[in-house]
Amino acid sequence: MRDEIIEEISKLTALGLKRTLRLVEGPQGPRVTMDGTEVVLMCSNDYLGLANHPLVKEAAIKAIEKWGTGAGASRLVSGNMEAHVILEERIREFKRSPSALLFNSGYNANMGLITALADRGTEVFSDRLNHASIVDACVLSRAKVKRYANRDVDALEGLLKASKAKKKLIVTDSVFSMDGTMAPLPEITGLLEKHNAMLVLDDAHATGVLGERGRGSLEHFNIKEHPSIIQMGTLGKALGSFGAFVTAGQEIIDLLISRSRPFIYTTALPPSVCAAATKAIDIIDKDQALIRKLWENTLIVTKGLKEAGFDTMGSRTPIIPVKVGGNQKAMEASRRLLEHGVFVQGIRPPTVPEGTARLRVTVTAAHTGEDLKTALNAFKEALSA
Ligand SMILES: *Cc1c(COP(=O)(O)O)cnc(C)c1O
């Protein structure tokens, strides 16, 4: 079997699809050290710069002193600690939701949520560009999966009309993670009652980013919390920590606690991780300056890239793809940018559809005007034909 594995790897290499790890030295931030050289980091999801924020770090350190390093067991055995309960209450309040439940990562939350809600008798309506964790969860749930074209509400409604399933579940990213576009949520939520369907909303890139107060996509679109809308969000992106949450009606949370295998069969999050996320929410809630700065920076970079002639693929958020096309070409572009002092990862299939390899630029509130200038100049110098 080893021969086949080696063969598999050389095939990936030939297709420009072999992946390798890049080392970032020191903490995350707008500038990081790679291979001993300082570069501007333009591909992290630490949108608000909270992953190395002094108050967030202090909260984590204090939590270790108070509660130790590990939870020691799953939540349902003996791992349910004060730090978890405090964070869930904070999230519930922040999201204005009836109830909240922590998961150990966004990947796990989607797995745990979709497999608990959907079974063989369920039809799941899933956007074609949904995150891999949703795709994997749909397979594991054994539900009948109907995929619709990205953000195509008419296609979605057509599928809903044709469905005879008793249980209908729509699942969508609210911000598409590799495109930076938004799901048409006013239209999608308008379908729920009419078709007796529920909606799972993946707010991974909306939490702490969208909405005046960073509460996510529902706040952005001014959509009211609804018993048929279930939201998930991550703590590892804008909230600078690790883990994820689901917010929903109490009946959904009850079901997850009793049924969701990725919730039940895993050790609870370390208390320090929870305390860091709690502090991050406190910071965002108290003052929206970081969120405003994030959007100011987003505008500067989007405008700068477009003016330099780059195709940003209709991005409307701090995720700004720059279309390249070829797999090798995308990785070569990433390498050239790094030579010019800017780190942006190339993104290839199967993360994005075949033929749409791209550089995925992300902007954070921590970037200074100087950082952004360096980044835009690097794009012009390194990539103009
Ligand atoms: C990152 C991401 C996840 C996974 O979240 P983690 O906490 O990193 O596991 C899920 N959904 C989307 C849309 C994401 O971008």
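The values are calculated or read from the model by the stated rules, or taken from the named source; none is laboratory data. The structure displayed is predicted, hence computed values, not measured ones. As a convention, Cβ positions derive from the backbone with ideal geometry for all residues, glycine included, and neighbour counts pool all protein chains shown.
Observations on the model:
- Qualifying residue in the range 240-255 (condition: more than 14 Å from the ligand (Cβ to nearest atom) and part of a loop (DSSP other than H, G, I, E, B)): yes
- Selection from the range 342-358 of residues that are free of Cβ contacts under 8 Å to residues at least 24 places away in the same chain and either among the small types (Gly, Ala, Ser) or surrounded by 23 or more Cβ atoms within 10 Å (Cβ to Cβ) (or both): Gly346
- None of Thr278, Thr298 is crowded, with 21+ Cβ neighbours inside 10 Å, part of a helix (DSSP H, G or I) and touching a Leu at 6+ places or on another chain (Cβ under 7 Å) except Thr278.
- Scope the range 127-146; condition charged (D, E, K, R) and crowded, with 17+ Cβ neighbours inside 10 Å; matching residues: Asp127, Lys146
- Index of the failed condition, Gly26 passing every other in (1) surrounded by 15 or more Cβ atoms within 10 Å (Cβ to Cβ); (2) on the phi > 0 side of the Ramachandran plot: (1)
- Residue in the range 120-129 that is under 24 Å from the mean Cα position of the chain (by Cα), without any contact (Cβ under 8 Å) to a residue 12 or more places away in the chain and away from the ligand (no atom under 16 Å from the Cβ) present: no
- All positions within the range 172-220 that are touching a residue at least 40 places away in the same chain (Cβ under 8 Å) and of a type in the set (D, E, K, R): Asp173, Asp179, Asp202, Glu212, Arg213, Arg215
- Some residue of the range 89-102 being in contact with a His (Cβ under 7 Å, 6 or more places away or on another chain), in contact (Cβ under 8 Å) with a residue 40 or more places away in the chain and within 16 Å of the ligand (Cβ to nearest atom): yes
- The range 130-144 - residue that is of a type in the set (S, T, N, Q) and in a helix (DSSP H, G or I) and, of those, nearest to the ligand (Cβ to nearest atom): Ser133
- Top-ranked residue of the range 227-239 - restricted to ones that are within 16 Å of the ligand (Cβ to nearest atom) and outside any loop (DSSP other than H, G, I, E, B), ranked as farthest from Gln28 (Cα to Cα): Ile230
One line per residue, one yes/no per condition, for (1) at pLDDT 95 or above; (2) within 21 Å of Phe176 (Cα to Cα); (3) under 21 Å from the mean Cα position of the chain (by Cα); (4) surrounded by fewer than 23 Cβ atoms within 10 Å (Cβ to Cβ):
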residue	(1), (2), (3), (4)
Leu210	yes, yes, yes, no
His220	yes, yes, yes, yes
Gly236	yes, yes, yes, yes
Gly240	yes, yes, yes, no
Ala248	yes, no, yes, no
Asp254	yes, no, no, yes
Arg261	yes, no, no, yes
Tyr265	yes, no, no, yes
Ala268	yes, no, yes, no
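- Among the candidates Val361, Val324, residue that is touching a helix residue (DSSP H, G or I) at 6+ places or on another chain (Cβ under 8 Å), free of Cβ contacts under 8 Å to residues at least 40 places away in the same chain and outside any loop (DSSP other than H, G, I, E, B): Val324
- Pairing each residue of the range 147-171 that is in the same structural domain as Ile229 (by TED's automatic domain parsing) and in a loop (DSSP other than H, G, I, E, B) with any residue that is at pLDDT 95 or above and aliphatic (A, V, I, L, M), provided the two are 6+ apart or on different chains, yields C-beta distances under 7 Å for Ala149/Ala155; Asn150/Leu129; Arg151/Ala183.
- Selection count, the range 190-207, where residues are within 11 Å of the ligand (Cβ to nearest atom) and of a type in the set (Asp, Glu): 2
Matching residues to (1) among the aliphatic types (A, V, I, L, M); (2) surrounded by 20 or more Cβ atoms within 10 Å (Cβ to Cβ):
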| residue | (1), (2) |
| --- | --- |
| Gly304 | no, no |
| Gly314 | no, no |
| Thr317 | no, yes |
| Val324 | yes, yes |
| Val361 | yes, yes |
